[in-house]
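Only one structure is covered here, and it is reproduced in the block below.
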Amino acid sequence: MSDFALALGSFPLLLLLIFLRAPIGLAMLVIGAGGLWAVSGNPQLWLAKMKNEGVSTFSHYELSVIPMFLLMGQFATQGGMSRALFRAADALIGHRRGGLAMAAIGACAGFGAICGSSLATAATMGRVAIPEMRAAGYSGALSTAALAAGGTLGILIPPSIVLVIFAILTEQNIATLFAAAVLPGLLAVLGYGLAVQAYLMRHPQAAGEGRAPMPWVQRRAALLAIWPVLGIFALVVGGIYGGVFSPTEGAAIGAALTGIAAWAGGGLRAGGFIRALLATAETTGMVFFIILGAAVYNGFLGFARMPQELAQMVAGQGLSAWLVLIAMLLLFLILGCFMDSLSMILLTLPTFWPIISGLDFGMDAQALALWFGVLVLITVEVGLITPPVGLNLFVIGAIEGRTPAPQTWRAVIWFVGADLTRIALILAVPAIALLPL
């Protein structure tokens with residue numbers, strides 16, 4: 001068997017291990033180590049590769065942004081900022097038809113701006129919003145579907161951990177990628193709001209009886225309570241994009257300010273600070289182990305020259321660049337049903353990016369990277385809510401615990417439709433993702 005065939009055959013084997021519930025980082029590490037042994041005939045090569053990859057990968061200064069953004073999200077969670085965001089959105093639009101569902105989505109967008117993780121956003125906002133929606137008479141299907149979809153905004157609204165990894169792998173500017181994701185993120189919020197209204201046209205009873213608007217005094221108080229979130233987001237993202245400080249410096253400043261705001265609000269007392277540090281350490285360890293496993297696995301693919309040969313094969317077939325791109329996006333949709341976004345990016349991008357960068361889409365390399373990065377990010381997030389096994393659906397279903405999964409699946413299809421429409425729009429109008437240029 002040729003090295004190329006061996007590398008190509010390792011992919012379904014890897015998916016099988018993941019399907020059997022093996023930890024994704026461990027599965028990539030094992031397959032990568034075995035592949036290096038098989039290709040080289042040297043059982044010691046994978047140990048040397050893991051040592052070298054560990055040093056070279058984790059010596060990237062840019063990777064230090066990940067624990068900083070994770071800590072920022074943990075401080076926001078412990079500080080009750082998620083609840084403040086939901087109350088503010090509820091105060092503005094909660095009295096409207098489907099307003100609580102749209103408020104939950106808006107709060108997810110706000111929390112995503114200081115979190116950077118889809119699963120964390122879905123879990124945190126689900127605990128806050130679902131009891132409120134249930135009390136207001138919202139159906140379990142609409143509640144769980146809206147929170148699962150809203151949770152995907154955690155990786156789209158900057159700062160985003162997945163965008164950081166994409167930038168490192170494709171050697172792009174992190175700040176420019178953050179800026180490129182802003183307009184698609186706002187379109188996502190708008191699309192999900194329209195999906196709520198479309199669902200209610202078909203199921204008008206799903207939003208309860210409605211209620212009177214809050215008095216302006218309460219609205220003003222709710223809006224004033226979220227000024228720390230808005231200020232921190234403006235400072236961090238604006239400072240990074242404006243070149244005032246680097247992404248890592250911005251993340252550190254954001255984490256410090258979020259910690260101060262959470263401490264002032266009482267959220268970091270009574271063990272909250274220690275819980276935030278432990279949760280950050282656990283998540284960082286998990287993320288870095290996945291990165292290490294992906295580095296070893298991709299080292300095996302590189303040793304077997306699979307990315308280069310695959311890129312040459314695609315170029316030699318004379319396939320349309322658009323056909324290749326759509327096929328990749330469809331694969332991301334499928335993988336998203338049973339893999340988290342970070343694992344998908346680390347697993348596929350070292351192979352996909354050389355292929356895409358060698359095709360002609362009528363734009364320069366930087367524009368292509370921004371456009372492709374936004375498309376990948378949106379497609380990955382769709383996979384997180386695609387029935388029957390989207391990860392966000394499992395997270396919200398476990399939190400809510402009362403709605404049968406098929407009911408959530410039928411409701412979330414409306415949000416998947418909004419996402420697919422957004423993908424088609426960005427495919428047709430790349431300028432949506434190219435505003436920073």
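Summary of values
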item: Rounded percent of accessible protein surface that carbon and sulfur make up, the range 88-142, 1.4 Å probe; result: 58
item: Residues listed by number, the range 258-281, amide nitrogen under 19 Å from residue 245 label point at 7 Å toward C-beta; result: 258-264
item: Full-stretch length increase - residue 2, residue 413 - with 0.36 nm per residue and alpha-carbon distance subtracted; result: 143.7 nm
item: Pairs of Cα atoms farther than 18 Å apart, the range 200-359, %; result: 77
item: Inter-site label distance for residue 52 and residue 402 at 7 Å from Cα along Cβ, in nm; result: 5.8
item: Value of [θ]222 nm, deg cm²/dmol, for the chain, DSSP H segments ≥ 4, -39500 (n - 2.57) each, nearest 500; result: -25000 deg cm²/dmol
item: Listed residues 414, 216 arranged by accessible area, highest first, probe 1.4 Å; result: 216, 414
item: Spread of Cα-to-Cα distances over 20 Å intervals beginning at zero, given as percent, for the chain; result: 26, 57, 16, 1
item: Accessible area in square angstrom per residue, the chain, 1.4 angstrom probe; result: 41
item: Gain on full stretching of the segment that runs from residue 201 to residue 60 - 0.36 nm per residue minus C-alpha separation; result: 45.7 nm
item: FRET E, pair residue 44, residue 21, Förster distance 30 Å, beta-carbon r, rounded to 0.05; result: 0.50
item: The range 108-197 - convex hull of alpha carbons, volume per residue in Å³; result: 83
item: Cα centre as origin, Lys/Arg/Asp/Glu Cβ charges: the chain dipole, Debye; result: 1360
item: Gyration tensor (alpha-carbon) shape descriptor, the range 154-263, a/c threshold 1.5; result: oblate
item: Sequence-separation-based contact order of the chain, relative, with Cα cut under 8 Å and 6+ spacing, percent; result: 26
item: Tail beyond 20 Å, pair distance distribution of the range 1-155 (Cα, percent); result: 63
item: Linear extension gain, residue 357 paired with residue 326, 0.36 nm per residue minus alpha-carbon span; result: 9.7 nm
item: Residue 428 versus residue 223: modelled label distance in nm, points set 7 Å from Cα along the beta carbon direction; result: 3.5
item: Förster radius 41 Å - calculated FRET efficiency between residue 190 and residue 13 (Cβ-Cβ, nearest 0.05); result: 0.50
item: Burial order of peptide ranges 364-376, 196-208 (average beta-carbon count within 10 Å, highest first); result: 364-376, 196-208
item: Coordinate range along principal axes, alpha carbons of the range 300-437, Å, largest first; result: 52, 37, 26
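The values are calculated or read from the model by the stated rules, or taken from the named source; none is laboratory data. These numbers were taken from a predicted model, which means no experiment stands behind them. Neighbour counts run over all protein chains shown; Cβ positions are idealised from the backbone, glycine included. Ligands, DNA and RNA are stripped out before the accessible areas are found, and what is left, the full protein with its side chains, is counted by its heavy atoms. Shrake-Rupley method; radii C 1.70, N 1.55, O 1.52, S 1.80 Å.
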